[in-house]
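The next block holds one structure in the form of structure tokens; read it before the comments.
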Amino acid sequence: MERKNILVTGGMGYIGSHTVIKLVEYGYNPIIIDNLANSSEKVLPRLEKITGTKIAFYKGDVCNREDVDKVLSENKIDAVIHFAGLKAVGESVQKPVEYYRNNLDSTLTLLEEMPKYGVKNIIFSSSATVYGTPTHVPLVESDPIGQATNPYGQTKIIQEGIFQDYCHVHPDFNVALLRYFNPIGAHASGLIGEAPNGIPNNLMPYVTQVAVGKRDHLSIFGDDYNTPDGTCIRDYIHVVDLAEGHVLTLKKLFENPGLVIYNLGTGKGTSVLELVHAYEKATGVKIPYVIAPRRAGDVEANYAATDKAEREIGFKAKYTVEDSCRDSNHWQQMNPNGYED
Ligand code: WQD
């Protein structure tokens, strides 16, 4: 059977690159478009080494109509997985216009160009951030969309709305909104992983940089929350599990379901201190830390209800937080400066 072509926007990024590997493993043909604004071209040869096959890559901007048209006219695309977007919460507060322009334009451009080439399937990289400040946990897909605590989260809420409105008048169009919780971990090879620019905003890349001696200690933002150990709780999901969830969702899209929404998480909450201890246990590396003031915008606890994804697409996370700590550490030990090495 001919391999289906999957356009992966932002496919050189952290989650995108892991999904490209999974797509090849499942017999799909991934085609990457990425402007390399927040990723490295060095990812491509590593993806080809891991998969043992050539991977098509277009350097381009998904906001740019000509760039999108070039890929769609040169390839018969069966589905799009849309990762491309700016995603740093703190940065979005400082640069709201850049975030709204970039994240909304990319989705609008895809929705204008895809129908011209008969492409009617798309997976959107959404986020648990759309739930806002949870009133309860675990979070269920039918829970109301919350009030975003930052422009990044607001762009995800607006993009979900754009897809909802589009599907309302295009019944033959299929969309999957995948709400990621907290992706961590790395491919077992240690060849690809999370490589944030500058000082990491997120917990795991900061911990791995402490582990390799790039940072001398971790600051834990608050230990006075109403949680068992006082630190915030999140649902940390291995990025390889997350990638698997995308491939299982593709199968669902080809059944013409219309618009579907799934949480991609483990269903288990882990506190900051529990993650630090899991890291030390999994790697034998001590992670010195200090307790610092709370970070604005942090929610006390959020983790996923996972039964809808399990029931409808057969998704269940396989890796534990310790597995993720081991793999993140392996990636960082092999690449202390990320892709700069
Ligand atoms: C997790 C916990 C921090 C750093 C955000 C976005 C989400 C997704 C992931 C893009 C919190 C604590 C962190 C540190 C710390 N974004 N922390 N010291 O905020 O849950 O989610 O990033 O894909 O959409 O909302 O992730 O890793 O920043 O924080 O104590 O140096 O770790 O306070 O409790 P978050 P995070």
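What follows draws every value from the coordinates through simple rules; no lab data is involved. These figures come from a predicted structure and were not determined experimentally. Reconstructed Cβ throughout: ideal geometry from the backbone, glycine too, with neighbour counts over all protein chains shown.
Orientation-averaged projection of the range 46-189 equals 10.6 nm² [convex hull of Cα atoms, one quarter of hull surface area]. Note on the range 24-112: the C-alpha convex hull projects to 6.6 nm² when averaged across all orientations.
Counting only C-alpha contacts under 8 Å and six or more residues apart, can you give the relative contact order of the range 117-195 as a whole percent? Computed over the range 117-195, the figure is 38 percent.
Would you calculate the convex hull of the Cα atoms in the chain and tell me its volume per residue in Å³?
Working: hull volume 42.8 nm³, N = 341.
Taking only Cα atoms, the chain has a hull volume of 125 Å³ per residue.
The fewest-to-most ranking of C232, C167, C63 by surrounding Cβ atoms within 10 Å reads C167, C63, C232. Taking the inverse of the mean 1/r over every pair of distinct Cα atoms in the range 227-321 gives a Kirkwood hydrodynamic radius of 15.3 Å.
Here the range 127-282 is treated as a sphere whose radius is the Kirkwood value from Cα pairs; by Stokes-Einstein at 20 °C and 1.002 mPa s it diffuses with a coefficient of 122 µm²/s.
By DSSP, the beta bridges lying fully in the chain are antiparallel in about 5 percent of cases. Among residues other than A282 with Cβ under 11 Å from its Cβ, the summed charge is -2 (Lys and Arg +1, Asp and Glu -1).
Counting only Cα atoms, I'd like the Rg/Rh figure for the range 1-51, Kirkwood definition for Rh. Checking Rg against Rh, the ratio lands at 0.96. Working from Cα pairs under 8 Å separated by at least six residues, relative contact order for the chain is 19 percent. For N256, what is the net charge nearby, where nearby means another residue's Cβ is under 10 Å from its Cβ and Lys, Arg count +1, Asp, Glu -1? Every neighbour counted, the sum reads 0. Taking all Cα-Cα distances within the range 203-258, those exceeding 20 Å account for 56%. The range 98-147 and the range 308-337 have Cα centres separated by 23 Å. Residues whose amide H comes within less than 5 Å of that of I32, counting only those at least five positions distant or on another chain, are V8, A56, F57, Y58 (H built at 1.01 Å from N in the peptide plane). In terms of overall dimensions, the C-alpha atoms belonging to the range 258-302 reach 48, 29, 13 Å along their principal axes, ordered largest to smallest. Per residue of the chain, the DSSP helices (runs of n ≥ 4 H) give a summed -39500 (n - 2.57) that works out to -12000 deg cm²/dmol at 222 nm.
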